[in-house]
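The values are calculated or read from the model by the stated rules, or taken from the named source; none is laboratory data. Given the structure is predicted, the values throughout are model-derived calculations rather than measurements. A quick note on method: Cβ atoms are made from the backbone with ideal geometry, for glycine too, and the neighbour counts reach across all protein chains shown.
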Amino acid sequence: MYNVMARKKISTTVYITEEQNQRLKLLNQKTKVPIAESIREGIDLVLKLHREQLPGQMSFEEDAFESNASPSGASPSGTTPSASA
């Protein structure tokens, strides 16, 4: 599922390894999720992991990110949500 909130995007250049490129292309072929979206999701995961090192309060976008499961059904922490609730 794509991010619920549309955010303005900026253009930037990142260098990735050939292996990362191949794996992203394979993921794109299997999931039909754009490679750029997968990269943005990865950035969000890293920022969440290190959020205690970042100044300021949690933004609305971060709160929305926490409440949404990733496309694979795993939570942003990488664990599968429990079926019992």
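One line per residue, one yes/no per condition, for (1) at pLDDT below 95; (2) out of contact with any helix residue (DSSP H, G or I) (no Cβ under 9 Å at 6 or more places or on another chain):
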{"site": "MET1", "(1), (2)": "yes, yes"}
{"site": "VAL4", "(1), (2)": "yes, no"}
{"site": "ASN21", "(1), (2)": "no, no"}
{"site": "LYS25", "(1), (2)": "no, no"}
{"site": "THR31", "(1), (2)": "no, no"}
{"site": "PRO34", "(1), (2)": "no, no"}
{"site": "ARG40", "(1), (2)": "no, yes"}
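Would region 63-70 turn up any residue that is surrounded by 11 or more Cβ atoms within 10 Å (Cβ to Cβ), of a type in the set (Gly, Ala, Ser), at pLDDT 85 or above and outside any loop (DSSP other than H, G, I, E, B)?
Checking region 63-70: not a single residue is surrounded by 11 or more Cβ atoms within 10 Å (Cβ to Cβ), of a type in the set (Gly, Ala, Ser), at pLDDT 85 or above and outside any loop (DSSP other than H, G, I, E, B).
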